[in-house]
Amino acid sequence: MSDLKPEPEVVLPTSKPTVHLTESLEDFQSDEQRLVLDTVAQIRKCGLEAVLPLPQIAVCGNQSSGKSSVLEALTEVPFPRNDNLCTRFATEITLRRAAVDSLRLRIIPDESRSAAEKASISGFSETIAHFSELPMIISKAASVMGIHSNTHDAPAVSTTRAFAKDVLSFVIEGPNRPQLTVVDVPGLIQNATKGVSEQDKEMVAEITDFYIKQRRTICLAVIQATDDYANQPILTKVREVDSEGNRTLGIITKPDRLSAGSGTEEAFIALARNEDVFFKLGWHVVKNRKFEESHFSIEERNDSEARFFRTSNFQILPADCCGIESLRVRLSSLLFDHVKRELPNLRQDLDVALAETDAQLGKLGASRASAIECRNYLTSFSLQCLEITKAAVDGHYESAYFQNQPDSTFDIDSPASVRRFRAAIQLVNRNFAEEIRRKGPKYFISTKARPLDAWQSSSSDGVPARLSHEEALKWVSRVLVRSRGKEPVGNYNPLIIGELFWELSSKWEHFAADHVDQVSKICTIFTNTLLEEACPRDVRTRLTELKIKESLQKRRERAIEELRRILEDKRDFPATYNHYYTDNVQKARTQRMQNDLTKSIKAATHHERMPGCTSSHTFASIDVAAAIDHFQGQVDLDMQRYSCEEALDCLLSMYKVRSSSSWKVLGLTSLQEQRKTFVANVTAQVIERHMVRGLDKIFSPLDVNNLSDEDILKVASEPASVRRKRDFLTDRQQKLRSGKEIFRDIMGRIK
């Protein structure tokens with residue numbers, strides 16, 4: 001980790017597995033500081049370091065800059081060192097106050113590891129009684145991570161690497177331990193060398209970036225005086241993430257290696273005065289052990305450092321900026337202020353994270369591991385669906401489910417619109433009735449003669465073709481010819497009215513079938529939208545396949561079967577008991593006779609000038625016999641036409657007609673009796689009876705009760721991924737709630 005050899009002196013007595021503390025470390029924190037840092041320590045103990053960025057200290061710098069020596073001096077933990085060994089992974093040292101001394105080590109695997117690697121690495125856990133065991137344990141941890149200790153080592157595992165993103169976590173507890181977390185990150189690599197690739201260089205930079213970017217981390221940017229600080233990249237990195245130095249303290253190591261009075265020494269003294277690279281937290285200078293001092297105890301090391309700062313040119317610096325002891329005091333104060341300032345923000349972040357976790361767990365619903373849990377879940381879910389669907393079918397939109405703003409045009413393809421199910425059904429029923437009224441008849445028929453070029457025989461927009469009166473008679477004549485029975489000439493087979501009606505209303509079936517499809521689509525959209533909001537995707541998919549899809553299909557099939565029956569009824573001879581029918585037939589016949597009589601009278605009328613009168617006045621004389629002969633002649637001329645006129649009168653009389661200019665257009669605005677009956681039957685017997693009514697029972701508690709345990713589990717049991725997610729969120733929730741309790745207990749005591 002540094003360029004010094006392991007200290008052989010720091011070994012616990014075999015009879016008492018405790019760690020010796022100097023008086024300086026025991027006095028590291030005041031009571032108020034302990035209270036503040038205890039809060040963070042307890043939150044960290046809850047496991048929230050993986051959930052929230054917690055206040056900590058990160059020691060970072062170049063390789064061999066003396067980081068680990070600074071870390072050892074701060075924590076009094078003797079890390080193993082030699083000239084060829086550097087820090088190969090991040091080391092997290094957590095000091096905690098506890099009744100019993102202990103030192104536990106574990107590895108936190110990097111998230112990019114495979115599941116198998118994570119499981120293997122997470123299994124590493126060691127508890128030691130003496131610091132003398134550290135070298136062996138750290139070497140073992142490196143092997144577990146797949147790290148070779150030097151360029152000549154054989155691979156420890158199948159994947160050999162020089163560095164790792166895994167974290168070796170030390171938890172050191174004792175009755176006099178201060179509450180503190182310090183992270184030692186691998187030193188930044190200037191150039192790739194033998195055994196250290198460009199990928200290793202990039203990985204180390206990424207590890208450093210990961211820690212220094214965390215907004216609640218105090219960065220100890222360590223630079224060594226033996227190298228020009230302008231060439232040490234850690235300064236650039238910390239200024240990129242903390243431009244004003246609000247959470248960065250610069251540390252200068254190895255000042256004793258500088259030549260006294262040299263320009264380099266003067267430059268580093270100016271740097272320590274914060275005159276060059278400015279940090280709001282300032283700079284601090286510490287003296288590391290030299291190679292020949294590697295056997296020094298911690299007390300001897302501290303004495304050597306104090307002697308250097310009393311006698312060297314660095315003595316001009318303030319005493320609180322020199323030496324490891326003053327660094328402890330300074331860092332304690334900085335950490336206290338930093339944590340105290342961050343606690344309200346940390347509490348707010350905790351509340352936000354807890355709310356998000358609660359929401360995610362809420363979306364997962366209750367646990368669904370056993371058949372009983374699954375049945376209870378489906379029963380509750382089916383009740384919710386029943387209530388919402390019944391309200392939607394009845395048109396009661398008070399529930400929060402219906403408060404989503406519908407499409408501005410109330411597009412029935414929009415799930416937001418279809419939520420208001422009854423409104424959507426009413427709309428398509430009305431559109432269906434209008435379609436039948438406007439486009440239902442095959443022809444629009446005029447009751448007055450018109451030239452053939454005065455009407456349209458077809459329409460591209462689906463509007464019925466228009467027939468003049470003469471063209472309508474030709475159409476009736478064609479049907480009459482193929483429908484003759486034993487009736488005398490001049491009469492017509494009464495069944496022709498049925499044939500004419502069937503042809504005239506032949507498009508109704510198409511419109512009705514389209515209407516059924518449209519309502520079926522609305523039912524599907526409504527059901528899918530409800531399922532999407534009310535249950536997880538895995539349940540929705542399985543429930544749809546097992547129950548919902550089949551139920552909707554059966555309802556549609558029953559509706560189609562009902563429509564088939566209605567269409568069969570329509571193919572019977574059209575009967576009407578409306579007295580307007582006979583009135584209309586009589587009026588049509590009378591009108592036709594009046595027209596013929598008018599023509600006959602006009603043909604038998606002669607106009608003559610009055611004898612002896614000089615004016616232009618004339619008198620008219622009507623030859624009654626001639627008029628009668630003319631009138632009778634019209635009937636006798638074409639018995640076929642007469643039959644067609646009679647049949648057309650009966651057909652048109654089955655409709656209520658409306659005059660539009662000189663046209664009487666069939667079914668254009670008023671509903672014909674048969675059409676009204678057909679529309680009413682389709683909307684009531686097909687749509688309402690089979691597709692709308694009972695939609696709320698498509699998946700009811702009774703259905704849940706009738707499902708076997710096997711089907712219950714098949715529908716509602718959680719997949720392994722969901723169970724893992726639930727376990728993760730539940731654990732996270734428990735940690736966050738514990739953290740919330742800690743804040744509730746402690747925040748009132750912090751000034």
Could you work out the percent of alpha carbon pairs in region 315-372 separated by over 12 Å, rounded to a whole number? 77 percent
Pull out the extension gain between LYS714 and ASN176, defined as 0.36 nm times the separation in residues minus the alpha carbon to alpha carbon distance; nm, one decimal. 188.0 nm
Modelled label-to-label distance, LYS213 and GLU356, 7 Å Cα→beta-carbon offset: nm? 1.6 nm
In region 23-352, what percentage of the DSSP-assigned beta bridges are antiparallel, given to the nearest 5? 40 percent
Two-site FRET efficiency, GLU206 against SER114, from Cβ-Cβ distance with R₀ of 25 Å, rounded to 0.05: 0.85
Determine ³J(HN,Hα), in whole Hz, for all residues of region 722-737 in sequence, where each value follows from phi through the Karplus function 6.51 cos²θ - 1.76 cosθ + 1.60 and θ = phi - 60°; x replaces Gly and Pro. 5, 4, 5, 5, 5, 4, 4, 5, 5, 4, 4, 4, 4, 5, 5, 5
Two-site FRET efficiency, HIS510 against ARG724, from Cβ-Cβ distance with R₀ of 45 Å, rounded to 0.05: 0.25
I need the fraction of alpha carbon pairs in region 168-306 separated by more than 18 Å, rounded to a whole percent. 65 percent
Say each of HIS396 and LYS697 gets a label point 7 Å from the Cα, pointing the same way as Cα to Cβ; how far apart are those two points in nm? 1.8 nm
Note to self: C-alpha centroids of region 699-751 and region 197-266 sit apart, in Å, by 45 Å
Packing-based ranking, highest mean first, of 261-269, 280-288 given that Cβ atoms within 10 Å are counted: 280-288, 261-269
Do any of LYS554/LYS676; LYS390/LYS676; LYS67/LYS280; LYS363/LYS714; LYS140/LYS165 go past 25 Å between their Cα atoms, and which? LYS554/LYS676; LYS390/LYS676
According to the square roots a ≥ b ≥ c of the eigenvalues of the Cα gyration tensor, what is the shape class of region 23-352, taking rounded for a/c under 1.5, prolate for a/b larger than b/c otherwise, and oblate for the remainder? rounded
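Counting other beta carbons within 10 Å of each Cβ, put TRP508, TRP502 in order, fewest first.
The most exposed by this proxy come first: TRP502, TRP508.
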Counting pairwise Cα distances across region 86-131, what percent come out greater than 12 angstrom? 71 percent
Peptides 515-526, 422-433, 550-561, 180-191 ordered by average Cβ neighbours within 10 Å, highest first: 180-191, 515-526, 422-433, 550-561
Sites GLN733 and ALA230 - FRET efficiency at Förster radius 35 Å, r taken between beta-carbons, to 0.05: 0.10
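No lab work stands behind these numbers, since they all come straight from the coordinates. Worth saying up front: this structure is predicted, and the values here are computed from it rather than measured. Here the Cβ is made from the backbone with ideal geometry for all residues, glycine too, and neighbour counts use every protein chain on show.
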